[in-house]
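Below: the structure, in structure tokens.
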Amino acid sequence: MTHRELGDDFEINRVLAYGSLPKIFSCIDDSECEDFLTSYGLTYLNEEVWAEHLIQDLDPFRKFLEIAAQCNGKVVNFAHIAFGAAFEHLVIDRPGMPTALVEIKSSQRTDEHNTRYLRSLAPSLEQSESFCLSLDPHERVRDGVNYLPWQKGLAELGL
């Protein structure tokens, strides 16, 4: 479910911890959320990944998913690892508008150091806008990057 669909029921910490699959919002407590996500993950592995032969060896992929799940919603010191980068950078095609290059940060203070990758990507995409969405309450534009609190950023992106 999206921020817009949930409205006032949207809780950033809950979504970061458990995601936004509709079933999550009917779970009574954290334990039930965890049980559901374990079941969902195993079903996905068996029915989608393994059954479709998307990978040859399921065990390394399962270990990767466990590591990725443990990092979900947490501050990770090794943010430049390849799989970490895949989760914090988005390219959003907006018909009739510039392409949105989005970097998502969990920090309460952001600066140019946090957006090096985003700023290096922007020149290669014509007609694009760059956004850094975070917990930082200070709105500003610096070096072509719109630094916005995540709620305002989602609204500005139409999400």
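The values are calculated or read from the model by the stated rules, or taken from the named source; none is laboratory data. If you're wondering where the values come from, they're calculated on a predicted model, not measured in any experiment. Glycine also receives a Cβ, built like all others from the backbone with ideal geometry; neighbour counts cover every protein chain displayed.
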Among the listed residues Leu133, Leu118, which satisfies the condition of being surrounded by 17 or more Cβ atoms within 10 Å (Cβ to Cβ), of a type outside the set (Lys, Arg) and either part of a loop (DSSP other than H, G, I, E, B) or at pLDDT 85 or above (or both)?
Leu133
Output for the stretch 91-115, where each listed residue is within 23 Å of Arg14 (Cα to Cα) and exposed (fewer than 15 other Cβ atoms within 10 Å of the Cβ)
Ile104, Ser107, Gln108, Arg109
Of all residues in the stretch 4-47, how many are surrounded by 14 or more Cβ atoms within 10 Å (Cβ to Cβ), assigned to a helix (DSSP H, G or I) and hydrophobic (A, V, I, L, M, F, W, C)?
9
